[in-house]
Structure formats: structure tokens, C-alpha cells
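Please treat every number below as a calculation from the coordinates, not as lab data. Everything quoted here is computed from the prediction, not taken from an experiment. Heads up, the Cβs are rebuilt from the backbone with ideal geometry, glycines too, and the neighbour counts pull from every protein chain shown.
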Amino acid sequence: MSINLKRRVLLKGSLAASTLGVAAGAGLLAPQAVLAAWNTDAFKAKTEADAMTAMFGATEAEASGAIDVSAPEIAENGAVVPIKVETSLKAESISIVAPNNPSPMVSSFALGEGAQSFASTRIKMGKTGDVIAVVKADGKLYSARKSVKVTIGGCGG
Amino acid sequence: MANSMKIRAKSKDGVADVKVLITHPMEGGGRKDPKTGNDIEPHFIQDVVFEVNGKAVITASLSGGVSKNPYLNCKVAANAGDTLKVSWTDNKGETDTAEAAVG
């Protein structure tokens with residue numbers, strides 16, 4: 001009798017635990033409050049123009065002196081190239097494009113309320129070329145570029 | 001993928017400098033395994049969401065063109081004591097979340 005009772009308790013306990021597990025799992029799978037969905041077309045695009053069209057619906061971005069792109073002049077290791085983008089424009093998004101990469105659209109930061117117009121990360125570069133920062137502000141596109149000389153490419157094997 | 005992230009957030013004059021380091025292979029695909037000659041399948045983080053006190057402030061979309069073990073640095077309006085939450089999701093549906101107090 002007492003053994004049976006314990007069995008009940010144990011079963012009940014494990015059932016409760018598994019329900020909790022399912023709930024936690026569902027919570028993780030629930031869509032997060034994202035500001036921008038991952039743009040498959042833009043990131044899969046093979047040319048700068050296609051990537052720009054998929055991301056912004058336009059290929060032209062006005063060159064702007066208000067955008068500051070920091071990148072090394074010579075990157076000894078193309079697998080890790082630090083990039084920093086800063087602008088006095090009120091940016092809605094900052095995207096980093098490497099036209100010579102197999103997939104030029106490298107990353108894009110969607111900046112919501114409370115975010116400063118700043119983004120920095122480390123990217124891979126297959127070969128020497130420009131890094132373009134595309135800033136969307138007031139519904140318009142602005143860009144600035146910096147040339148990076150890559151000694152050892154970071155895309156191929 | 002627990003503890004895949006290191007977060008540092010330091011506030012000065014109402015703006016927090018947020019630095020995140022994530023442990024992830026960031027394999028873009030298109031490479032071949034030098035030993036077997038087989039294609040290495042893509043495995044990279046797609047979305048990183050930054051939340052301050054439960055409100056999404058920045059969504060960073062990444063590709064396989066971002067370096068292995070990605071480092072992200074951004075700046076958000078936040079004061080010391082605010083809660084910063086960072087969550088990432090990769091192309092295989094793996095995900096991780098971490099929280100840090102703004103210092």
C-alpha cells in the first residue's frame with residue numbers, strides 16, 4: 001500500500017515536471033519580438049546589386065561623409081576583420097556589405113527606439129576589396145566605404 | 001548551447017556600450033572538408049535580439065560571412081541596473097538566451 005502510494009506520488013511528480021518541460025520548450029519556440037525578420041534573399045544574393053535590391057528595394061545609396069567606417073587597411077587574416085560603423089545620422093538600420101565576398105550582404109543591424117547609430121562586429125573577407133556600410137535614415141539610403149587589403153582570404157578552405 | 005555568450009554592458013550618461021561574444025562555428029557553407037572532400041553544411045547564427053528591460057531595441061541579422069565566435073558591439077539607451085537580454089537563433093533552429101545587468 002505504502003509502496004503504491006509512493007508510486008502515485010512519483011508518477012504525479014514526473015508528469016508535472018514533463019508538462020513544465022513542454023511549456024518551457026514552447027516558450028523558446030514562440031516568435032521573439034524581432035524588429036526585422038532574417039532576409040533570406042538578401043543574405044543569399046551573390047552580387048552586391050542583388051543583395052541591395054533584396055534588402056532595401058534599391059541599388060543606389062548616396063555617399064555620405066556623416067558615416068564613419070573603421071576597418072584595418074591591411075587585414076592579415078581575412079577570417080577576422082573588425083568593422084566598426086558609426087554615424088551622426090539617425091539610423092534605422094546599419095548594414096555591412098563586402099562586395100567581393102561570395103555572399104556580399106554580411107550583416108544588418110535593425111536599430112529600434114533606444115538604439116544608438118553604431119554597430120561593430122568582425123567579418124570574413126575572401127579577398128581584397130571594399131567594405132560598404134549602408135545606413136538607412138529617414139527612409140533614405142546612405143553609404144560609406146573603406147578599402148581593406150586582405151593578405152590571407154577567410155572564406156575558402 | 002547553454003552559456004554560449006559573454007555579455008558586457010557598461011552605461012555612461014544614459015548610453016550603454018554593449019559587447020557580446022558568442023561561441024558559435026559560424027560556418028557559411030561552401031567550404032569543403034579538407035580530409036573527406038565533402039561539403040561542410042552551413043551552420044551560422046541568423047538573428048541576435050537585444051532587449052532592454054524586456055523591450056526589443058536591436059535585431060542583428062547575421063550571415064555566414066560573420067567571423068567564427070561572433071563579436072557584436074552596439075550602443076543602447078540604458079542606465080546602470082537595467083536588464084539587458086540577448087538571444088540568438090541559428091539556421092538549424094538552435095537558440096540561446098542570456099541576461100546581464102547593465103553596470
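Please give the net charge around A:M125, taking every other residue with its beta carbon less than 12 angstrom from that of A:M125, where Lys and Arg add +1 and Asp and Glu add -1. It would help to have the intermediate numbers written out before the result.
Numbers: positive: A:R122, A:K124, A:K127, A:K146, A:K149; negative: A:E76, A:D130.
Result for the local shell: +3.
Cα to Cα, under 18 Å, and not fewer than 8 places away if on the same chain: which lysines meet these conditions relative to A:K90?
Of all the lysines, those that pass the test against A:K90 - Cα under 18 Å, at least 8 places apart if same chain - are A:K136, A:K140, B:K75.
From the square roots a ≥ b ≥ c of the eigenvalues of the alpha-carbon gyration tensor of segment A:40-152, which class results: rounded (a/c under 1.5), prolate (a/b over b/c), or oblate?
Numbers: a/c = 1.81, a/b = 1.30, b/c = 1.39.
Oblate, because a/c is 1.5 or more while a/b does not exceed b/c.
Estimate the FRET efficiency between A:L89 and B:K32 by the formula 1/(1 + (r/R0)^6), using the beta-carbon distance for r and 51 Å for R0, to the nearest 0.05. Display every interim value, and only then the final one.
On the way: r = 42 Å, r/R0 = 0.82.
Rounded to the nearest 0.05, the efficiency is 0.75.
HN-Hα J couplings of segment B:97-103 from phi, Karplus 6.51/-1.76/1.60, θ = phi - 60°, integer Hz, Gly and Pro as x?
9, 9, 10, 8, 7, 5, x
Just add up the charged neighbours of A:L89: K/R +1, D/E -1, any other residue whose Cβ is under 15 Å from the Cβ of A:L89.
On the way: positive: A:K90, A:K136, A:K140, B:K75; negative: A:E62, A:D68, A:E86, A:E92, A:D138.
Spelling it out: positives minus negatives among the neighbours equals -1.
Any of B:K12/B:K68; A:K127/B:K12; A:K44/A:K84; A:K44/B:K55 with alpha carbons more than 27 Å apart? Name them for me. Walk me through the intermediate numbers first.
On the way: B:K12/B:K68 30 Å; A:K127/B:K12 38 Å; A:K44/A:K84 23 Å; A:K44/B:K55 29 Å.
Over 27 Å apart, Cα to Cα: B:K12/B:K68; A:K127/B:K12; A:K44/B:K55.
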